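Visitor: Handing you this structure, nothing more for now.
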Amino acid sequence: MKPIHKYLFLIAGFISMILGFIGMFLPILPTTPFMILAAFCFSKSSERLHKWLLSRPHIGKLITDWEKHGVIRMKAKIYSTIIIIPLFSYTLIFVDVNYWIKGLLVLIALSVLSFIWSRPSKPFKSS
């Protein structure tokens with residue numbers, strides 16, 4: 001990999017990690033997808049930072065589950081759904097925007113929830 005690409009991945013990893021950290025306190029910003037993106041970027045740029053992120057107690061297991069098995073645990077699915085539905089509903093009910101924007105929001109919410117719920121909840125055991 002070219003050095004410039006390593007630096008771009010490193011910068012993208014830090015930006016994603018910062019956004020994920022902010023997302024821990026702002027319900028509008030999702031934490032897990034940004035941390036997964038940060039892990040991906042770090043895996044392409046810095047093995048040390050990638051390992052460090054995977055060793056974090058609260059987010060490391062989620063990232064490892066995703067990287068190794070494409071798994072989103074049931075607890076994360078439920079939490080995501082509990083956050084997504086009220087946030088999108090608030091916009092649909094209380095924000096005065098065109099109907100096509102509301103339709104687009106419904107489509108986005110359904111797409112995100114469909115993706116989340118279509119992922120396995122635990123790794124498949126090979127026999």
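The values are calculated or read from the model by the stated rules, or taken from the named source; none is laboratory data. The structure displayed is predicted, hence computed values, not measured ones. Virtual Cβ from ideal backbone geometry, glycine too; neighbours counted across all protein chains shown.
Visitor: Does L62 satisfy the condition of being in contact with a Ser or Thr (Cβ under 6 Å, 6 or more places away or on another chain), assigned to a helix (DSSP H, G or I) and assigned by TED's automatic domain parsing to the domain that holds M24?
Guide: So L62 passes the test.
Visitor: When region 89-122 is examined, which residues are found to be outside any helix (DSSP H, G or I) and surrounded by 12 or more Cβ atoms within 10 Å (Cβ to Cβ)?
Guide: Residues satisfying the conditions are R119, P120, S121.
Visitor: Related question: Condition check: touching a Phe, Trp or Tyr at 6+ places or on another chain (Cβ under 9 Å), under 20 Å from P120 (Cα atoms) and not assigned by TED's automatic domain parsing to the domain that holds M17. Does T31 satisfy that?
Guide: no
Visitor: Continuing with the same structure: Restricting to region 62-78, count the residues that are surrounded by 13 or more Cβ atoms within 10 Å (Cβ to Cβ) and of a type outside the set (A, V, I, L, M, F, W, C).
Guide: Number satisfying all stated conditions: 6.
Visitor: So, one more: So how many residues does region 9-28 have that are under 20 Å from T81 (Cβ atoms) and buried (at least 16 other Cβ atoms within 10 Å of the Cβ)?
Guide: 2
Visitor: Tell me, yes or no, whether region 97-110 has at least one residue that is assigned by TED's automatic domain parsing to the domain that holds K6 and among the charged types (D, E, K, R).
Guide: Checked against the condition, which is being assigned by TED's automatic domain parsing to the domain that holds K6 and among the charged types (D, E, K, R), region 97-110 yields no hits at all.
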